[in-house]
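Notes follow once the structure below has been shown.
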Amino acid sequence: MNRQRVASAHSGRALLVWALLVVAANLRAPLTGVGPVLDQMQADLDLSPAAAGLVTTLPLLAFAALSPMVPRLTARRTPERVLAGALVVLAAGIALRWVPTALGLFAGTMLIGAGVAVGNVLLPSLIKRDFPARVGLLTAAYATVMGGVAAVASGIAVPLSRAAPGGWHAAIGCWLLLAVVGIVLWLPQMRATRPVSDVTRSIRLPWMSGLAWAVTAFMGLQSLGFYVVITWLPQILQDTGGIASATAGWLLFLFQAVAVLTSLAVPAAMRRTADQRALAAVSSAVLLAGYFGLLAAPGWALLWAVVLGLGGGACLVLALAFLGLRAQDAPGAGALSAMAQSIGYLVAAAGPVLFGLLHTVSSSWRAPLLVMCVAAAGQVIVAIMAGRGTVADKALDVAAQRRAT
């Protein structure tokens, strides 16, 4: 009997891991497949560069608006039920983008952003709750899956848009199948929910914690870079290097593939250091080198795609890991995740639109890339603060005690 219980428990935890990974697979692919076919969307729907940038910015605005609400939702409903609802909304958004109008595109994109926002906040909290001793490993695992599927979405977008009857609609709408698979795999977790009091508690977002703000800034700046790259890198490479659109799409795939491989190495590097300051700072500096390389020597597109992937993959895993490592428990991780992703993605949301506007105004990619160099330099600084081996809510408690005395 005991063996059966142990086997059942192991099976349940294995199913939970698989379900979390499939959920993670849905959190980027509906977004990263847009960049390579952005020129087709612009031509088909007669969109300006700034309006085209909104296709990437709208989900980020949804992240910023909805992230602070997720802890409240999970206080009323279990995280499992909230996440199931988010997957349904995500699937509805992907389906709506099949409608061949700009309204369908933008409305579907907003729904996708709403679903992804909830998943972004809940996954670090669920990992902290159910696997507290393996935060780094499982964070890297879900970041790898998320990035790997996102890379595939970028790589197949142009070929699929040319081969499929629906054109670019098919290229960005085919991910509906993966969303449905995620819903099906997540259903058993709804039946295995814990009492609400054991899962979450009411907790305020750590607005007064300097460390929490450093984590938020790191999340925002690395997200800013990621969404600018997946939106505009193909167009930059076509304009500055004379690269064909399909080749530019595969270079975007290479950027994300390298990021995935890099993310696999991050947990081992984290285990060898007392904190993450040096790793986060070096990774951010690599991003800076990639942006500067695009600016100074755009002909070396292959090299800069690899460099950006090296820095971006490491920074993504670190940003996600900070949400669990800088929190005492699962509710604390949820609160820090909500704060970091709300403010962080609000910063990131400005990136694709401003990048497009700067290009339109200056008729060049020089000014936008200079801005990204400045942002990466700032990321190096906040990385040193966010990588400290302490906990945000403990730091907040210490600050409160000092003020009291």
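Identify, from the list Gly311, Gly332, the residue that is in a helix (DSSP H, G or I) and touching an Asp or Glu at 6+ places or on another chain (Cβ under 7 Å).
The match here is Gly332.
Anything in region 232-268 that is closer than 20 Å to Ala52 by Cα, open to solvent by less than 20 Å² (accessible area, probe 1.4 Å) and touching a helix residue (DSSP H, G or I) at 6+ places or on another chain (Cβ under 6 Å)? List them, or say none.
Passing the criteria: Trp232, Leu233, Pro234, Leu237, Ala248, Gly249, Leu252.
Would you point out which residue out of Thr101, Thr109, Thr144, Thr139 is hydroxyl-bearing (Ser, Thr, Tyr) and at pLDDT 90 or above?
After ruling out the rest, the residue left standing is Thr109.
Determine whether Arg326 is closer than 30 Å to Leu126 by Cβ and open to solvent by 20 Å² or more (accessible area, probe 1.4 Å).
Taking the combined requirement at face value, the residue does not satisfy it.
Taking the condition of being within 14 Å of Gly167 (Cα to Cα) and open to solvent by 30 Å² or more (accessible area, probe 1.4 Å), how many residues in region 34-50 meet it?
6
Within region 130-160, track down each residue that is open to solvent by less than 20 Å² (accessible area, probe 1.4 Å) and of a type in the set (D, E, K, R).
Scanning region 130-160 gives a single hit, Asp130.
State all residues of region 350-364 that are more than 11 Å from Val228 (Cβ to Cβ) and either within 19 Å of the chain's Cα centre (by Cα) or not in a helix (DSSP H, G or I) (or both); if no residue qualifies, say none.
Correct list: Ser363, Ser364.
Which residue out of Leu45, Leu21, Leu83 is closer than 29 Å to Ser362 by Cα, modelled with pLDDT of 80 or more and among the aliphatic types (A, V, I, L, M)?
Leu45
Return the pair list, or none, for Cβ contacts closer than 6 Å from residues in region 272-284 that are surrounded by fewer than 20 Cβ atoms within 10 Å (Cβ to Cβ) to residues that are modelled with pLDDT under 90, at least 6 apart or on different chains.
These pairs meet every condition: Ala274/Gly389; Asp275/Gly387; Asp275/Arg388; Asp275/Gly389; Arg277/Gly387.
Here are Thr193, Thr216, Thr200, Thr231: which of them is at negative phi and either in contact with a Cys (Cβ under 6 Å, 6 or more places away or on another chain) or at pLDDT 90 or above (or both)?
Result: Thr216 is the single residue among Thr193, Thr216, Thr200, Thr231 that is at negative phi and either in contact with a Cys (Cβ under 6 Å, 6 or more places away or on another chain) or at pLDDT 90 or above (or both).
Please go through region 162-185 and pick out each residue that is among the aliphatic types (A, V, I, L, M) and not in a helix (DSSP H, G or I).
Once the filter is applied, which keeps residues that are among the aliphatic types (A, V, I, L, M) and not in a helix (DSSP H, G or I), region 162-185 yields only Ala164.
Matching residues to (1) touching a Gly at 6+ places or on another chain (Cβ under 7 Å); (2) open to solvent by less than 10 Å² (accessible area, probe 1.4 Å); (3) in a helix (DSSP H, G or I):
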residue: Val55; (1), (2), (3): no, yes, yes
residue: Ser67; (1), (2), (3): no, yes, yes
residue: Ala84; (1), (2), (3): no, no, yes
residue: Val89; (1), (2), (3): yes, no, yes
residue: Ala95; (1), (2), (3): no, no, yes
residue: Pro100; (1), (2), (3): no, no, no
residue: Phe106; (1), (2), (3): no, no, yes
residue: Val118; (1), (2), (3): no, no, yes
residue: Ser125; (1), (2), (3): yes, no, yes
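The values are calculated or read from the model by the stated rules, or taken from the named source; none is laboratory data. The shown structure was predicted, so the numbers you read here are calculated from the model rather than taken from an experiment. Here Cβ is always computed from backbone atoms with ideal geometry, including for glycine, and neighbour counts include all displayed protein chains. When the accessible area is computed, the model is the full protein with side chains, heavy atoms only, and any ligands, DNA or RNA have been set aside. Shrake-Rupley method; radii C 1.70, N 1.55, O 1.52, S 1.80 Å.
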